[in-house]
């Protein structure tokens, strides 16, 4: 465990933005969003800083990432330590991208235009208020769903981001979602396979357990990867809820969002980035290590520069993996 820093602390600024990009989102989620911004110790407006944006994992948001943490460091404390140890000072934004379904994939979907929210609402606000970022000096990173979002942004917006960090990000959808879908159907079966009944009960539940949270995450993915506006909240399952049989045309839509199936199309985008960093534990509970290994092989075959690190561990308590990720990202933004 690292000791809490007692000197050379950075500070946090908070903004509330009325998002134009999230107006009329299908979930009815608030358009007023809070953004926390980490400023390094000794921040000086006359100095230009790199800008990072962190994408929180599912069931969390940027505000959760700056909260006090026992037996370890929250992200601002980690940044303080890394800067004291020699990492160049950096400004980091922590946006609230939470939704009624527990989060999102940081792409423009039925859930809302969250990619546009980051690029059009969050980043301009930070760069206008602080001397930071700009072309070639901004990057994004995240873990799990947030890591997926960072990888997507690297593919979709290579002229906006200089580099990305994907920690245990979603990829290899077959191995990732097959077990999740089976477990989620067990939950939905208890509600007569009614998504609406499950969600209404979940929203009244003051103590949801992991099986219900995982099911909610499955529905969140469905709304992201294959929405059907005619269904409740646009959620259409990619399989028969009684037999579990895949609906081929719907599952095909999901697979089109799998990073492994996007490399071919976005090869030139990935080659533009200064850094493509991704990692995964060798015992990831969601089988993400297999997708990460496949991505590593694909990028090697395409001659796309990247850094892939497989470490001994699983999908939980991975903030310590921020150390190598942040150091590498900030180094390319100097």
| message | Can you name every one of the strands (runs of 3 or more DSSP E) wholly within the stretch 1-64 that holds 2 or more residues which are surrounded by fewer than 19 Cβ atoms within 10 Å (Cβ to Cβ)? | response | 11-18, 32-39
| Filtered residue count, the stretch 144-181, keeping only those that are closer than 25 Å to residue 212 by Cβ and touching a strand residue (DSSP E or B) at 6+ places or on another chain (Cβ under 8 Å) | 9
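Of everything in the stretch 68-98, what is outside any loop (DSSP other than H, G, I, E, B) and under 18 Å from residue 44 (Cα atoms)? Give them in sequence order.
Pass one, the stretch 68-98, residues outside any loop (DSSP other than H, G, I, E, B): 75-84, 91-95.
The answer is 76, 79, 80, 83, 84, 91, 92, 93.
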| Residue list for the stretch 105-132, restricted to those being outside any helix (DSSP H, G or I) and surrounded by fewer than 24 Cβ atoms within 10 Å (Cβ to Cβ) | 107, 108, 109, 110, 113, 130, 131
| field | Single match in 316, 288, 333 (criterion: crowded, with 17+ Cβ neighbours inside 10 Å and under 17 Å from the mean Cα position of the chain (by Cα)) | value | 288
| request: Spot the failing condition for residue 232; the list is (1) surrounded by fewer than 19 Cβ atoms within 10 Å (Cβ to Cβ); (2) assigned by TED's automatic domain parsing to the domain that holds residue 307, and only one is missed. | output: (2)
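Please find, among 322, 295, the residue that is in a helix (DSSP H, G or I), touching a residue at least 40 places away in the same chain (Cβ under 8 Å), in contact with a helix residue (DSSP H, G or I) (Cβ under 7 Å, 6 or more places away or on another chain) and more than 29 Å from residue 81 (Cα to Cα). Break it down into steps so the answer makes sense when it comes.
Numbers: 322 fails: more than 29 Å from residue 81 (Cα to Cα).
After ruling out the rest, the residue left standing is 295.
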| For the stretch 195-229, how many residues are part of a loop (DSSP other than H, G, I, E, B) and free of Cβ contacts under 8 Å to residues at least 12 places away in the same chain? | 6
| remark: Among the residues of the stretch 140-170, the number that are outside any helix (DSSP H, G or I) and closer than 19 Å to residue 322 by Cα is 15
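The values are calculated or read from the model by the stated rules, or taken from the named source; none is laboratory data. These numbers come from a predicted model, not from an experiment. Note that each Cβ is placed from the backbone with ideal geometry, even for glycine, and that neighbours are counted across all protein chains shown.
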